[in-house]
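Reading through the structure tokens given below for one structure.
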Amino acid sequence: MSDAPKLTAPQHPLLQHKLSLMRDVHTGVKEFRELAAEISMLLAYEATRDLETEPTTLTTPIATAQFPMLSGKKLALVAILRAGLIMTDSIVRLIPAAKVGHIGMYRDPETLEPVAYYSKLPADISERRVFLTDPMLATGGSAVAAIDNLKAAGAQSIKLMCILAVPEGIKRVHDAHPDVEIVVAAIDEGLNDHGYIVPGLGDAGDRIYGTK
Ligand code: PRP
Ligand code: URA
């Protein structure tokens, strides 16, 4: 029997406060970007909780002793363009040795299905733990297609990191890829007729890049 798909939604006050500011329609591009970057780092703290460490002998100015250092598989951060880029750009500051991949995808406004236009992944992705980033998990179409792409390239260990999700998007990802844990800052009610998250924060890519 397989394990139930994992969902992590940390209820941290700092995270929730920053997300509320992101939601505010009056928040401008600069602050929106800064908040997205800060939330991404807080989410990375949660998403990397189970990284392996091993005791390593080091000498402090006072004594020689064993201290935990990261071990195990190396990491890869993969952004779903455009909006996921702001997340990998900030997380790589915490994990500077991670390789970074990009999957270009936009949602067709009529069908709401993802249209793929680019993919560049680390060649050794099968040997890395992959953290896939996209602030918005709405219908789940983009995330499922990106995970399909990662698995086709050999990825075996994938976590999806999002800022906002809705139950239908979570279900779609978990139905298609039950092995993929989702780490998300908040789960909203659902989608409107145009596939936007309600109450949501609007179009993440447009708010990050000041387009539209
Ligand atoms: C947004 C978002 C996700 C997708 C989520 O991207 O960043 O990739 O929509 O929707 P879904 O779960 O229904 O697939 P968008 O298509 O607006 O592209 P952009 O980031 O280039 O603006
Ligand atoms: N993509 C976004 O950027 N926002 C939504 O609410 C849904 C999909």
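Numerical summary
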item: Antiparallel content of DSSP bridges confined to the stretch 63-212, in %, to 5; result: 25 percent
item: Fully extended contour minus Cα-Cα distance, from M41 to Y106, at 0.36 nm per residue; result: 21.0 nm
item: Table column - 3J(HN,Hα) (Hz), the stretch 141-158, Karplus curve with 6.51, -1.76, 1.60, x for Gly and Pro; result: x, 5, 5, 4, 5, 5, 5, 4, 4, 5, 5, 4, 7, x, 4, 10, 10, 10
item: Long-range amide H partners of L132 with built H, under 5 Å; result: V78, K159, L160, M161
item: Whole-Å semi-axes of the ellipsoid equivalent to the stretch 145-212 (Cα gyration tensor, √5λ, descending); result: 24, 15, 11
item: Karplus-derived HN-Hα couplings along the stretch 96-113 (A = 6.51, B = -1.76, C = 1.60, θ = phi - 60°), whole Hz, x at Gly and Pro; result: x, 8, 5, 7, 10, x, 9, 10, x, 7, 10, 8, 4, x, 7, 8, 6, 8
item: Exposure proxy ranking, count of Cβ atoms within 10 Å, fewest first, for F131, F32, F67; result: F67, F32, F131
item: Anisotropy class of the stretch 1-54 from Cα gyration tensor, a/c 1.5 cut; result: prolate
item: Amide H partners (placed H, <5 Å) of L7, local residues excluded; result: I182
item: DSSP beta bridge pairing in the stretch 1-121, given as percent antiparallel to the nearest 5; result: 70 percent
item: Per-residue HN-Hα couplings for the stretch 124-133 [Karplus 6.51, -1.76, 1.60; θ = phi - 60°; Hz; x = Gly/Pro]; result: 9, 4, 5, 9, 10, 7, 9, 10, 8, 10
item: 25 Å tail of the calculated P(r), the chain, as % of Cα pairs; result: 37 percent
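Readers should treat all values here as calculations from the given coordinates under stated rules, not as data from a laboratory. Bear in mind that the values here come from a model prediction, so they are computed numbers and not experimental data. Neighbour counts run over all protein chains shown; Cβ positions are idealised from the backbone, glycine included.
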